[in-house]
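Notes for the one structure printed next.
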Amino acid sequence: MKSFNMHPGPNANLSKTAPGAPRFFVAAFLVSVLISCHAAPSVNRSGLPGDMEELSLSIQDMKRTARIYVPAGYNKQKLPVIVLLHGSGSDGYSVARQSGMSLAAQQRGFIVVYPDALPLDPQKPASAQNPRVWADGTGRGFAGENPENDVIFIRGLLNRIFEDLPADPDQVHIAGFSNGGSMTFRLARELPELFRRIAVVAGVSWLEHMEGDKQDLLYITARQDSVIPPNKEISKLPHSTVDRSTSVSRTLMQWMDQCRSSRDASVLYLPRELQKRTQHFDCNDRVVQYLELPRTAHVWPGGQDDPVGELNATTYIVRFLLDGKRQSHALGL
């Protein structure tokens with residue numbers, strides 16, 4: 001894979017850049033969080049037996065919303081949680097429909113959370129001219145100018161879930177697509193104590209390298225992606241506000257210290273033609289897996305809007321997030 005030729009040795013010391021914006025002092029902001037009561041459960045249009053609930057929170061006087069799918073038949077156990085972040089111009093309902101993650105939650109037994117980003121101008125309704133955008137590091141709109149609001153929102157949302165639902169706080173993972181994938185990188189860095197593993201689809205890490213705990217990472221990109229192609233410099237991407245020549249795929253170096261290439265059982269779940277397009281790295285106390293799809297564009301792979309369907313990203317991501325450690329231990333890694 002030409003865009004990601006990265007094979008550091010077992011003791012390789014990767015160059016460290018200067019820290020970016022300091023980590024938000026989220027605890028200080030939590031005093032401004034006012035969490036509302038659950039709204040009545042919304043109509044479950046997925047046809048699944050579980051409950052799709054709507055939740056709203058007030059964060060610094062801004063109303064924040066999310067949808068939560070709780071699978072049926074798992075009442076006697078604590079369930080893992082996967083937070084799924086939508087891309088720019090989308091919302092939680094749309095990424096739920098595109099990904100089919102609620103069906104996976106019902107089949108595998110986990111809670112899935114679909115938060116909504118704020119519009120660029122939250123005083124106006126979300127629209128094509130006023131899209132919902134996460135504070136991913138590009139500085140766009142209200143979220144870009146007030147990034148702590150998104151961070152506090154996700155923390156407050158999870159705290160409420162821990163209080164009200166059979167959620168396991170030690171098994172919380174996060175995934176995102178495009179702008180939501182970039183926000184996944186940010187939240188993993190800002191709230192490392194919350195998330196065990198992360199998965200990013202067609203996203204980019206806009207922020208500079210920062211020391212601290214890191215999670216297991218699955219990164220999925222696509223050669224035909226015209227919005228965030230893996231080999232393009234991030235300074236030339238749409239909405240870019242950074243002046244760095246680093247390519248999209250090379251931003252993963254932020255997760256790659258003391259890494260060695262290794263085997264991983266999860267590739268066995270890939271279609272045969274994709275097994276050679278993935279790279280797995282054992283990185284001291286974490287794993288990083290990179291997969292490049294040759295024919296997919298800027299869509300959720302295998303989702304309702306993907307005409308190619310060369311990978312069911314939802315199935316693969318769920319296996320990585322929920323089974324990642326078990327697979328590595330089975331191979332003696």
For the stretch 47-187: rounded, prolate or oblate by the Cα gyration tensor [a/c cutoff 1.5]: prolate
Of the listed peptides 306-316, 246-256, 161-171, what is their order by residue-averaged count of other C-beta atoms within 10 Å, with the highest listed first? 246-256, 306-316, 161-171
Can you list the HN-Hα couplings for the stretch 95-108, worked out from phi with the Karplus curve (6.51, -1.76, 1.60; θ = phi - 60°), rounded to whole Hz and with x for Gly and Pro? 6, 5, 5, 5, 8, x, 5, 5, 4, 4, 5, 5, 6, 9
Please report the spacing between the Cα centers of the stretch 89-149 and the stretch 272-286 in Å, no decimals. 29 Å
Shape category assigned to the stretch 181-312 from the gyration tensor of Cα positions, a/c cut at 1.5: oblate
What full-extension length gain, to one decimal in nm, is calculated for ASP168 and SER245 as 0.36 nm per residue of separation minus the Cα-Cα distance? 23.7 nm
Links that overshoot a 32 Å alpha carbon limit, given the list LYS214/LYS276; LYS124/LYS214; LYS63/LYS236: LYS124/LYS214; LYS63/LYS236
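Using the Cα gyration tensor of the stretch 236-305, with a ≥ b ≥ c the square roots of its eigenvalues, what is the shape: rounded (a/c below 1.5), prolate (a/b larger than b/c) or oblate (neither)?
oblate
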Assuming R0 = 35 Å, can you tell me the calculated FRET efficiency for the pair ARG260 and GLU193, based on Cβ-Cβ distance, to the nearest 0.05? 0.85
Can you tell me the length gained on complete extension of the stretch SER58 to LYS78, counting 0.36 nm per residue apart and subtracting the Cα distance? 4.5 nm
Residues of type aspartates and glutamates that LYS78 reaches as a straight line, Cα spacing below 17 Å, ignoring anything fewer than 8 places off in the same chain: ASP51, GLU163, ASP164, ASP168, ASP170, ASP323
Which FRET efficiency value, to the nearest 0.05, do you get for ASN284 and GLN129 by plugging their Cβ-Cβ distance into 1/(1 + (r/R0)^6) with R0 = 35 Å? 0.15
Potential extension, TYR93-GLN107 segment - 0.36 nm per residue separation minus Cα distance: 3.1 nm
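Coordinate-derived values only; no laboratory data. No experiment lies behind these values; they were computed from the predicted model shown. Please note: Cβ atoms are built from the backbone with ideal geometry, for glycine as well, and neighbour counts cover all protein chains shown.
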